[in-house]
Structure formats: structure tokens, C-alpha cells
Protein chains: 2
Amino acid sequence: MNKSSIKVGLLGWGTVGTGVSRILLNQSDLIRQNSGVQLQLHKIVKRTLPASRDGIDLPADCLTTDAAEVVDNPEIDIVVEIIGGVTDARQLIRRALQNRKHVVTANKALLAEHGLELFQIAAEHNVSLNFEASTAGGIPIIKTLRESFAANRIHSIYGIINGTCNYILTQMHESEVDFETVLKEAQAKGYAEADPTLDVEGIDAAQKLTLLIALAYGINVPMEQVFVEGITSITQKEIQYARELGYVIKLLAIAKLQQDKVEVRVHPTLLPMRSMLANVGGAFNAVCVIGDAVGPTLFYGQGAGEMPTASAVVADIIDAAKLVRSQTQVLIPRAWLSDSEVEISVDSIDNVETRYYVRPVVLDQPGVLAQIGSILGRHQISIASVIQKEPHGEDTVSLVIVTHDAIEKNMQTAMREIDALDVVKEKSQLIRIEEEVNF
Amino acid sequence: MNKSSIKVGLLGWGTVGTGVSRILLNQSDLIRQNSGVQLQLHKIVKRTLPASRDGIDLPADCLTTDAAEVVDNPEIDIVVEIIGGVTDARQLIRRALQNRKHVVTANKALLAEHGLELFQIAAEHNVSLNFEASTAGGIPIIKTLRESFAANRIHSIYGIINGTCNYILTQMHESEVDFETVLKEAQAKGYAEADPTLDVEGIDAAQKLTLLIALAYGINVPMEQVFVEGITSITQKEIQYARELGYVIKLLAIAKLQQDKVEVRVHPTLLPMRSMLANVGGAFNAVCVIGDAVGPTLFYGQGAGEMPTASAVVADIIDAAKLVRSQTQVLIPRAWLSDSEVEISVDSIDNVETRYYVRPVVLDQPGVLAQIGSILGRHQISIASVIQKEPHGEDTVSLVIVTHDAIEKNMQTAMREIDALDVVKEKSQLIRIEEEVNF
């Protein structure tokens, strides 16, 4: 196949951009052999021109500080947005799409917020907007949902899709230190940002989940409709008690289809210790997808980092390159088409039915368990097991309660009543349990 | 998107064909929404016309006994070959490709044997020949290697890609029964064929491995060049001793790039007990791919069965449908193009370097270990551990030896010398150990 080369422009030259430039410069023969397209790195936009980088020999005049040299450049066919952030990225992607350039982005925050607008522009100009690297790094979960599982009704998705949280929780499981200590260590090692809020509060995972849901269910879920709980309140006690019960705590992004509604939630979750998801350690990611035809599947790999993310970005560039100068009509995911039929809506967290781990801290005196049990019973919550833990310092004990399936709304009401009891001394921990992914 | 419908013809209506017809009949709206193509099941060829099937309401005149009504039918755009076997399938696929129909097949035996011929015909007629369902059922490993990892130099592939063997080995691990007993039970449950040779001798896994290698390394490996050992000689003793050492035995299909040569082998393998691959149980499949950019990845799911395999077949049909009536040049994997540049060749099993588990059965008398140790030492094989097991019936004991890394050729020579010793009473067991997939 002797197509003329297809010119690629990068917006941004940070970690991922460096990886993308490495691959485009060093592996263009391999890419041509594997995919029949000849890619050429033409321009890189960087706000301040950096010194040269190890092992990267850029073509002359490749670096520029002027984004117009990429997004308005008639020679460039494919624009790769890897500057991050929302405002500038949005403007530049809009302009690139309007100039009929295919766009590749890793920007989940942007798509979660402005996907509808950007895909609309892409559709109007018949160019693609690819985003494999936005979720789960090098794992091809976006393509799998878009293409490989296109004949499946997706029952559920369970994702460990925030490496920072998974690193922190893994360390807490392995070294018995507290959240704050592990967070500092993760920051020192580069596994967590200086401001870790987006990661540890579950927001990053929620943004990614909306992208997976867009492909799996064809609906654009606004962030406000995602139920999100981060990992900041998980203590060593929770980790240890969970282990004693045979569970591991993970931050899980969950989508579950229930008739015509889909549960959309991100929260710490107790997973059976022997399950594959429970054993995804460190900064790794994994996504489990259960489809009506394909059954249970699991995809595992590095969720971030220079080269894994670059691998996904370049795969998207190759897909876009196959469309350059073809007459093919580009397929826009229907979640982001304003005129698409919608049959599925987001279910309220109130309706979720699952098992719960709850840990009230109570005065060590007779009758307390009876009080708590009676509140739970009044709200149709049945107890599977209770363990009373050794006394804390000041006459209090932890009651580690595992429930049978209960309805979230009832559970929340019951917990409010329990936490209001005189004998309950702090806000009770509540963690949802997931046993459907026990493989 | 309002394309006119694309007509699909099936060759065969067995298990997988039934699943494919279910999806095409029941999920055509979902497929159109997800992929923008309107598929229509037009004809099914079945040698003898069956009675109707549960839940399948075929269009009038859909069933026929005449394959020409599919492969020569000008109305049909996509032909799906799911009759299995080599001779008829080959002739029909040739004819369909020559008639410029896109072809989808799940037939690994056919592609392993005649891939070069069939892809050549596909290239000449600019039609696609898709085969996602040939390997690992519903797991999209073919598309991942072809597209998602196209910018990666693949370091290695480790696959549990024969469900029958994995079911049998899992049962042997869990219920402590012998191979023959589990095989009979597997046959009764439909997990093994009446003639299980292709599965238990590793041939099916080897055929699939050649397809993965074709995509990962761009080379067409003839079956004669694959080193294949089945699982028929694995006894309960091996299972138990492996477990004591912290390993699980799996039939693993392995490809490893060593400079410009690639190791291509299928054999029982000791895997670290806590690794993800070791925990793939029952009839499930998993493929681990390590790429230079993406790093280690793992893909897990059902490797066979009506609906998982149909899910992959229909994904291939959708990909083909996107090409129907387009002017796009179809991409043929370069492994099967006669004029492709080849830089990588198959390495001899003799050059493999790995750790080994060996179990000589020897007379229970002094000096035996010294004799064996001296033979191993003479061939540059260093012992990591030896455990002497309790006496068997007749004055013999098992020596369970684990070596450090050694060269296969040396190992084989040493084992021939060891087995020729008077004190060695039966052919020693030898199983390779794999510790690179310890995640």
C-alpha cells in the first residue's frame, strides 16, 4: 500500500506527547507494515519551547508555540490534543474539527463535559473524534465497546479505572499504613498529583465511566447524574475488617442495566478476595464487561504512563488515518448525537440493591446491638453477620455488620437513624459490596 | 444513517450458527444504533434441513441445502463460514472471495493450513476475510493485535486458548482425579469432543497461536514449526507437586520475541499460583500480550460456546459491512501476503531458555542424586531445589527437581542421559516453568 504520508500535529508535548512522538518517529515502518498507513509527525505545539528530549530527534521546524500551525494548517490531517484541561482544549478541538481534521484526544474531563458539542461538530464535518486513551490507558476498552461488543446488550461494567486510587488502596492493603501516609508517598513517587482531589474523590473515575456508558448504552450521562464517593474516608480498620470477612476494598466504577434504567456509580467497594478484579494491584487498571452474548470478560493493563497511553493514542491516529481521503461516512457514537433515540435513563442511587458493610462505633454496653438491629429490621434490612471488635480507647467498640441485599434508600435512612442514636459515637462507615464479579 | 440493508449468508447452522442467527434476527436494531449498519440474515445453508429451533423465527426461504445459494448469490454481501473442517470450507470460502464477498470465519484449522492462499485471493478481490471468532471465542484478541496494538513491537504472548484443556487441568487441580477420569466427565458435559485429540494434544491451541503470531509478528508460521506438547501425560502427582512448589499447571501457548527470532510453543507450563493467568479456571480463555509501548495486558473471557463465539462472528460481520459498497482498500495482514518483507523467523525449541520442573523416578538408594546432579551439571543446568518424595510401591522414589534457567537442548540431552541410568525406572516428567507472566 503506497499511500502518501498522513501528517499528524500534536497539541502538547508533556508525558503522553513525548511517548506519542517517540512512537511516530521510531515505529513508522512497523505501523505501515501493520496498518498500511504512513504517518508523519509534522508539528508539535508547546507553550514554551522545551530543551531537546532524550532519544527524540524531531524534524526541523517541528516545534512551535503557535497552535494555529496545527489546527489551521492545511497540510495536517490529524490533530492530537494532549494538553489536558478543558477551556483551551475545547477551543482548539472545535477549530480542528471545523477545519475537517480528525481529532484524537485523551481528555476525559473535556468529553465528559462537552462531548455532546464536540461530537456534533465532528458529525457535521464528517471527521472522527477518537478517545481510546481517555480511559484505562493502553487497554483497548473503548474500541472493544464500540466495535467488538456492538452486537451485545451490555448487562454491566465494573472498572478499576483510576490508578492513583488503586495504588493507594493496594498500599493500604499491603503495608497497613493510613490513607494520608500512602497519599504522600504516592505523590512523591508521581502516582498522585500535588492536588489529588480529582483522583481520590472519584471524579476522574466518574468522568471515564460516563464515556464507557456512552458507548455501552448510547446515552450521554451528565456528571451530576453519577453517584460518586471517593476513598478519603477509608481507614486501615476498614481494610483489615474487610480482609477478615474475605474481601478487598477497591474504588469501583459501576454501570448496571436494570430493565430500562442503568445504575451509574463510583464508590469504594468490597470485592471477594479471590476474584480477578480484587487482585488488580498497584497502578494497574482493569475493566470487566458482561454482555448478553459474550458473557463475562475482563481487560487488564496499565492505566496511565507515557508509553501505554501513547500506544492507545497512536492506535487512534491509525484509525483516523484510514479515514483520511476516504469517502467513508464517519460513525459518531449515538450517545453524542442530539437526534438519537434514547431508551435507557440513569437510575437513582436510591434504587440500588446490594449488600452493605457498615461499621457503627458504639458504646460498649448491653442493648446497643438490639437497638441497631431493630432500626435495620424496620427498614427491611436483614443482617448476614455481625462481629463485635475489641474496645477502642474510650469505652467504644466497632460493630462490623454485613447485610443481605438491601435497598440503598432504606439503608441511608436506617444509617441516619442509627447515627442519631446516643450510643453511636461517630458517623458510621458504609461500604457497598459487589459479588457479581466473583470470577 | 440510512444505508440499505446488507445481506448475510451463513454456511452452517450448528452451535455457533444458531447463535449468529439469533443475534442477527433479534438485535438488528441494536447493531444499527451502535454501528450504523443494517444487517439482514438472508440465507442459511445446512446439509440436511433441520427442524425449527427454539426462539428462532427464520424468514421464509431462508434455509437451503445448496451452498451456491450463498456463495454465488449476487444479493449476498457477506458470507459466514461456520461449517468447520478444512476441505469444503476452503472451497466455499475461495468461491465466495472470488465472487467479491467479504468472508467471516471461525475456522482456525483452515487458516493455519491455507491462510496464505485464502488471504491472497481476498487481496486480489479487495474483500476482507475476518476471523475474530477463530481464537479465544468472544475475547477481541484478533482486533486488539491488528488494530489497538499496531504501534507496538510485541515482546510476548501467553495464551490459555484451549478451553477443553483448561477445564480438564482445572478439574485435576480441584478434585484430585486423574486425567482419564476428568476427560470422560468433560466429554459427558460437552466440554470435550468424542475424539479429543486436537484439543488434548495441543493442536487446536497451536493453530490459534499461529494466527496470533501472524498478527503480532507479520509471519505465517506453518504448523510443523510449532513445538507442541499436549496434556495427556500430566498426572495427579505433577499437579500436587507443582502446587507444593507454589505453581499451577496450564496448557500455555507461548510466543516470545528474541532479537529477530520468535519462540513458538505450546506445552503444559508451571505458572506462579498467585498470577492472574494461573487463576483462569474452567473452560475460560485468557491471553496475555506484552508490548513494548503498552506493557503487560491481559484479556479474559469465554473461549467457546454458542453466544460468546457468535458475538465475535457478528462483530466481524459488522466490520465487513462497513466496507461493503465503500471504495476503501481492504487491509490484508502482511503475514499472509506473499510479497511482504520478513524480518522475523521461528526460533528452534532447542534454543529456548527457561526454568524446568523435572521428576525422575529413581531407586531409593544412596548416590542416585549425585549421579543425576552430575549429569545436569555437565550440561550447564543448575538446580534450584530438590525434594525427595515418599517411596512409591516398589522401592522407588520421585525426585522433584526445579532448575534455574537452562537451555532446552542441554536439558533434553541431560534428560536422555538421566533416563538411561539404571537407577531411573521410568521416563522422567519434564514441564517448563514460566515466571514472566507473574502479574
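The values are calculated or read from the model by the stated rules, or taken from the named source; none is laboratory data. Because the structure is a prediction, the values reported are computed rather than measured. No Cβ is skipped: glycine too gets one built from the backbone with ideal geometry, and neighbour counts run over all protein chains shown.
Side notes on the structure shown:
- Residues within region A:182-191 that are on the phi < 0 side of the Ramachandran plot and either surrounded by fewer than 15 Cβ atoms within 10 Å (Cβ to Cβ) or assigned to a loop (DSSP other than H, G, I, E, B) (or both), tallied: 4
- Just one residue in the set B:LYS189, B:LYS101 is basic (Lys, Arg) and at pLDDT 95 or above; that residue is B:LYS101.
- Residue, nearest to B:LEU212 (Cα to Cα), within region B:160-174, restricted to residues that are under 14 Å from the mean Cα position of the chain (by Cα) and among the β-branched types (Val, Ile, Thr): B:ILE161
- Residue ID - nearest to the other protein chains (Cβ to nearest Cβ), chosen from residues in region A:288-304 that are under 16 Å from the mean Cα position of the chain (by Cα) and aliphatic (A, V, I, L, M): A:LEU298
Let's see how each residue does on (1) among the acidic types (Asp, Glu); (2) more than 7 Å from every other protein chain (Cβ to nearest Cβ); (3) touching a strand residue (DSSP E or B) at 6+ places or on another chain (Cβ under 8 Å); (4) farther than 23 Å from B:LYS101 by Cβ:
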| position | (1), (2), (3), (4) |
| --- | --- |
| B:GLU306 | yes, yes, no, yes |
| B:SER311 | no, no, yes, no |
| B:LEU323 | no, yes, yes, no |
| B:GLN329 | no, no, no, no |
| B:LEU337 | no, yes, no, no |
| B:SER340 | no, yes, no, yes |
| B:GLU343 | yes, yes, no, yes |
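- Some residue of region A:246-254 being more than 14 Å from every other protein chain (Cβ to nearest Cβ), more than 13 Å from the chain's Cα centre (by Cα) and surrounded by fewer than 22 Cβ atoms within 10 Å (Cβ to Cβ): yes
- Subset of region A:93-106 [touching a strand residue (DSSP E or B) at 6+ places or on another chain (Cβ under 6 Å) and either under 20 Å from A:ILE142 (Cα atoms) or outside any helix (DSSP H, G or I) (or both)]: A:ILE93, A:LYS101, A:HIS102, A:VAL103, A:VAL104, A:THR105
- Boolean, A:ASN285 is away from every other protein chain (no Cβ under 14 Å) and modelled with pLDDT of 95 or more: no
- Meets criteria (more than 25 Å from B:GLY230 (Cβ to Cβ) and surrounded by 15 or more Cβ atoms within 10 Å (Cβ to Cβ)) for B:VAL397: yes
- So A:PRO308, is it in contact (Cβ under 8 Å) with a residue 12 or more places away in the chain and surrounded by 23 or more Cβ atoms within 10 Å (Cβ to Cβ): yes
Residue-by-condition table, conditions (1) within 14 Å of another protein chain (Cβ to nearest Cβ); (2) touching a Gly at 6+ places or on another chain (Cβ under 9 Å); (3) crowded, with 20+ Cβ neighbours inside 10 Å; (4) at pLDDT 95 or above:
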position: A:ILE154; (1), (2), (3), (4): yes, yes, yes, yes
position: A:THR164; (1), (2), (3), (4): no, no, yes, yes
position: A:TYR167; (1), (2), (3), (4): no, yes, yes, yes
position: A:SER175; (1), (2), (3), (4): no, no, no, no
position: A:ASP195; (1), (2), (3), (4): no, no, no, yes
position: A:ALA205; (1), (2), (3), (4): no, yes, yes, yes
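- Neighbours by Cβ (under 8 Å, 6+ apart or cross-chain): first from region B:404-432, farther than 24 Å from B:GLN236 by Cα and in contact (Cβ under 8 Å) with a residue 40 or more places away in the chain; second of a type in the set (D, E, K, R) and assigned to a helix (DSSP H, G or I): B:ILE407/B:ASP350; B:GLU408/B:ASP350; B:LYS409/B:ASP350
- Criterion applied to B:ALA310, B:ALA315, B:ALA278 was being at pLDDT 95 or above and more than 18 Å from the chain's Cα centre (by Cα), and the one residue passing it is B:ALA315.
- Residue pairs meeting the criteria (Cβ under 9 Å; at least 6 apart or on separate chains; first outside the structural domain of A:VAL400 (by TED's automatic domain parsing), in region A:233-245; second surrounded by fewer than 16 Cβ atoms within 10 Å (Cβ to Cβ) and acidic (Asp, Glu)): A:THR235/A:ASP178; A:GLN236/A:GLU176; A:GLN236/A:ASP178; A:ILE239/A:GLU176; A:GLN240/A:GLU176
- Listed conditions (1) at pLDDT 95 or above; (2) buried (at least 21 other Cβ atoms within 10 Å of the Cβ) are all met by A:GLN380, apart from (2).
- Single match in B:LYS389, B:LYS322 (criterion: outside the structural domain of B:ALA150 (by TED's automatic domain parsing) and surrounded by fewer than 18 Cβ atoms within 10 Å (Cβ to Cβ)): B:LYS389
- All positions within region A:338-362 that are surrounded by fewer than 17 Cβ atoms within 10 Å (Cβ to Cβ) and farther than 17 Å from A:GLU263 by Cβ: A:SER338, A:ASP339, A:SER340, A:GLU341
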